[in-house]
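Shown next, in structure tokens, is the structure this report addresses.
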Amino acid sequence: MKELSDFSKVLKENGYKFTNQRKYVYEVLMENGGKHLNSQEIYELVKNKYPDIGVATVYRTLTLLEDMELIDGVDFEDGFRRYEVIKGEEEHRHHHLICLECGIIKEMEEDLLENIEDEISCKNHFKVIDHRVKFYGYCSDCLEKRQIREQ
């Protein structure tokens, strides 16, 4: 989903009102695609646009958007649930590369698990709908810094 008009339509189709609070939360998520913001970061950004919004409203809106499968909440084991907009007709969510040094999170769009899913399906009579993979390691900047420290 790309447009606010689409967002408004989806809300109404599901029996929800299109409010400024929901609009600003969704806008912030769209504007920060790929950043994997946590709820507090989202709240701070929304508050800049809509100073009267409360933190509870942001939390409720994130829950609603996630329940409606408009956004995805991901846990990177750092104590926060982070959110991103689900892109169009993604068959699978993308994978994430997480740096253990600086904490940067990169998206990896390649789905390298299709053959494994096919094998699971054939051998186990199990239809895989989705999977989530997180790779932990060091980004190129942190690798470079580590090499310099080791010299």
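A short reminder: the numbers here are calculations on the coordinates, not readings from a lab. These numbers come from a predicted model, not from an experiment. Backbone-built Cβ (ideal geometry, glycine too); neighbour counts: all protein chains shown.
The Cys residues in the chain with no partner Cys Cβ within less than 4.7 Å of their Cβ are CYS102, CYS122, CYS142.
Residue pairs exceeding 25 angstrom between C-alpha atoms, taken from LYS17/LYS106; LYS17/LYS47; LYS106/LYS145; LYS87/LYS123; LYS106/LYS127: LYS17/LYS106; LYS87/LYS123; LYS106/LYS127.
Each residue in HIS94, HIS125, HIS36, HIS131 was given a count of other beta-carbon atoms within 10 angstrom of its own, and listing them fewest first yields HIS125, HIS131, HIS94, HIS36.
Under the combined filter of DSSP loop state and at most 13 neighbouring Cβ atoms within 10 Å, the range 113-143 retains these chymotrypsin sites (Phe, Trp or Tyr not before Pro): PHE126. Each stretch of four or more DSSP H residues adds -39500 (n - 2.57); spread over every residue of the chain, this sum gives -14000 deg cm²/dmol at 222 nm.
What does the charge add up to near ASP118, with Lys and Arg as +1, Asp and Glu as -1, over the other residues with Cβ less than 13 Å from its Cβ? Result for the neighbourhood of ASP118: -2. Note on semi-axes √(5λ) of the Cα gyration tensor in Å: of the candidates [x] 23, 18, 15; [y] 32, 21, 13; [z] 31, 25, 12, the value calculated from this structure sits at [z].
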